[in-house]
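Participant: So that we are looking at the same thing, I have put the structure below in structure tokens.
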Amino acid sequence: MSKTSLPPSDTSDAGTVRDGRVRAVREFNRVYTNMIGLLRGGYLDSPYSLTEARVLFELGQGRETERGETERGETERGETEISALRRSVDIDAGYLSRILARFEADGLVTRRRSDTDARRRVITLTSAGERAFRGLDQRSADQIGALLGQLTEAEQQRLTTAMATILEITEPRARPAAFVLRAPRAGDLGWVVQANSALYAQEYGWDDSYEALVARIVADYAGRADPREAGWIADLDGTPVGCVFCMRKDERTAQLRLLLVEPAARGLGLGERLVAECLTFARRAGYPEIVLWTNDILAAARRIYQRFGFELVDTEPHHSFGHDLVGQNWRLSLG
């Protein structure tokens with residue numbers, strides 16, 4: 001099997017690989033492989049190894065694809081080109097050939113030349129192969145369901161969000177190079193409330209009281225029309241993906257509020273741009289200082305604030321939004 005690697009990416013700002021981080025990744029791999037039983041003889045108590053089960057799964061996915069030619073080499077008849085299958089599972093051609101030979105001998109697949117290109121060979125699951133795939137697929141779903149069933153709703157949300165982050169980092173998609181910061185337009189303030197509520201419920205399990213807080217903040221902003229206050233919406237391909245507000249705390253103090261970046265737009269430097277815009281406005285509006293309130297679990301936002309020179313003033317445990325949290329007050333001199 002080929003060695004594991006990350007997709008090519010721009011490494012101009014790559015971080016230093018530290019021993020502690022290597023150990024953390026290896027420890028995660030050790031725990032997770034034990035948790036889902038990858039080291040046992042047969043995957044999911046089946047007669048197949050993990051690699052064989054993965055090949056069967058890829059073929060089963062191709063069978064269920066009811067569309068025309070795709071990037072994976074699937075066809076309308078549920079066939080898969082062997083070359084595309086090898087790229088998908090990323091294993092040695094000889095090893096894949098032996099697996100397919102075993103499947104063919106067991107009556108799970110058929111192999112033949114492509115109707116459109118005789119140089120290519122395609123593979124199709126038989127009825128027996130489809131039954132084997134569906135059995136493995138169901139057992140895998142049952143196993144993961146049982147694992148998730150041991151966790152609370154909030155823990156499940158945290159876990160799946162963390163997994164989405166791993167996928168986003170290790171399998172980066174092509175992203176637009178630019179985004180636009182603009183003033184809120186009609187309907188945007190409603191989006192701010194909805195996006196904040198949905199995101200914090202999904203990632204941290206916060207309840208509806210957080211949505212009520214955001215709604216009050218947005219209503220205060222909309223109702224005052226204060227020239228020393230401003231808000232920004234970040235657009236990516238015409239879709240709102242982020243926001244921040246600079247609001248008046250008192251005559252001398254501005255307050256940064258409701259910084260948000262949607263998961264799909266993270267990694268673009270959008271949070272930094274929003275904070276920078278807020279600070280520039282606060283200086284122009286004549287505020288000597290700016291403050292913000294956050295919670296210690298919001299580590300990514302906290303790192304942004306620290307990079308801009310915000311200093312932690314104090315912390316206070318509190319129970320809000322259905323959870324025990326630690327609030328933090330931060331301050332930055334704008335002089």
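The values are calculated or read from the model by the stated rules, or taken from the named source; none is laboratory data. Fair warning: this is a prediction, and the values are worked out from it, not measured in the lab. Glycine also receives a Cβ, built like all others from the backbone with ideal geometry; neighbour counts cover every protein chain displayed. Keep in mind that these areas ignore ligands, DNA and RNA; they rest on the heavy atoms of the full protein, side chains included. Shrake-Rupley method; radii C 1.70, N 1.55, O 1.52, S 1.80 Å.
Participant: Does Trp191 satisfy the condition of being part of a loop (DSSP other than H, G, I, E, B), among the aromatic types (Phe, Trp, Tyr) and closer than 29 Å to Gln156 by Cα?
Facilitator: For Trp191, the condition - part of a loop (DSSP other than H, G, I, E, B), among the aromatic types (Phe, Trp, Tyr) and closer than 29 Å to Gln156 by Cα - is not met.
Participant: Go through (1) among the aliphatic types (A, V, I, L, M); (2) within 16 Å of Asp188 (Cα to Cα); (3) open to solvent by 50 Å² or more (accessible area, probe 1.4 Å); (4) in contact with a helix residue (DSSP H, G or I) (Cβ under 7 Å, 6 or more places away or on another chain) for Leu259 and report which single condition fails.
Facilitator: So Leu259 meets the others, but not (3).
Participant: Under the condition of being open to solvent by less than 10 Å² (accessible area, probe 1.4 Å) and of a type outside the set (Phe, Trp, Tyr), which residue from the stretch 219-252 is nearest to the chain's Cα centre (by Cα)? Let's see the steps before the verdict.
Facilitator: Narrowing the stretch 219-252 to residues open to solvent by less than 10 Å² (accessible area, probe 1.4 Å): 231, 233-234, 242-247.
Narrowing further to those that are of a type outside the set (Phe, Trp, Tyr): 231, 233-234, 242-244, 246-247.
On the way: Gly231: 26, Ile233: 21, Ala234: 19, Gly242: 15, Cys243: 19, Val244: 21, Cys246: 28, Met247: 30 Å.
Among those that are open to solvent by less than 10 Å² (accessible area, probe 1.4 Å) and of a type outside the set (Phe, Trp, Tyr), it is Gly242.
Participant: A follow-up question, please. Report the residue count in the stretch 1-58 for those that are part of a loop (DSSP other than H, G, I, E, B) and either modelled with pLDDT of 80 or more or closer than 30 Å to Ala84 by Cβ (or both).
Facilitator: The number of residues fulfilling the criteria is 23.
Participant: With respect to the numbered conditions (1) open to solvent by 90 Å² or more (accessible area, probe 1.4 Å); (2) in a helix (DSSP H, G or I); (3) modelled with pLDDT under 90, which one is the sole condition not fulfilled by Gln61?
Facilitator: Evaluating Gln61 over (1) open to solvent by 90 Å² or more (accessible area, probe 1.4 Å); (2) in a helix (DSSP H, G or I); (3) modelled with pLDDT under 90 leaves (1) as the failure.
Participant: Within the bounds of the stretch 140-157, is there any residue that is more than 30 Å from Arg266 (Cβ to Cβ), open to solvent by 30 Å² or more (accessible area, probe 1.4 Å) and among the charged types (D, E, K, R)?
Facilitator: Yes, because at least one residue in the stretch 140-157 is more than 30 Å from Arg266 (Cβ to Cβ), open to solvent by 30 Å² or more (accessible area, probe 1.4 Å) and among the charged types (D, E, K, R).
Participant: Quick one: which residue in Val214, Val261 is under 19 Å from Phe310 (Cβ atoms), without any contact (Cβ under 8 Å) to a residue 60 or more places away in the chain and aliphatic (A, V, I, L, M)?
Facilitator: Val261
Participant: While we're on this one: Does Glu168 satisfy being modelled with pLDDT under 85, assigned to a helix (DSSP H, G or I) and out of contact with any Cys (no Cβ under 6 Å at 6 or more places or on another chain)?
Facilitator: The answer is yes for Glu168.
Participant: Taking Gly335 and the conditions (1) open to solvent by 40 Å² or more (accessible area, probe 1.4 Å); (2) small (Gly, Ala, Ser); (3) modelled with pLDDT of 95 or more, which numbered condition does it fall short on, given that it satisfies the others?
Facilitator: (3)
Participant: Taking the stretch 122-136 only, how many residues are open to solvent by 40 Å² or more (accessible area, probe 1.4 Å) and closer than 22 Å to Asn34 by Cβ?
Facilitator: Qualifying residue count, the stretch 122-136: 0.
Participant: Looking only at the stretch 131-154, decide whether some residue is over 21 Å from the mean Cα position of the chain (by Cα), under 30 Å from Asp207 (Cα atoms) and not in a helix (DSSP H, G or I).
Facilitator: Within the stretch 131-154, one or more residues are over 21 Å from the mean Cα position of the chain (by Cα), under 30 Å from Asp207 (Cα atoms) and not in a helix (DSSP H, G or I).
Participant: I'd like to know if the stretch 272-290 contains one or more residues that are of a type in the set (S, T, N, Q), within 22 Å of Arg331 (Cβ to Cβ) and open to solvent by 40 Å² or more (accessible area, probe 1.4 Å).
Facilitator: Checked against the condition, which is being of a type in the set (S, T, N, Q), within 22 Å of Arg331 (Cβ to Cβ) and open to solvent by 40 Å² or more (accessible area, probe 1.4 Å), the stretch 272-290 yields at least one hit.
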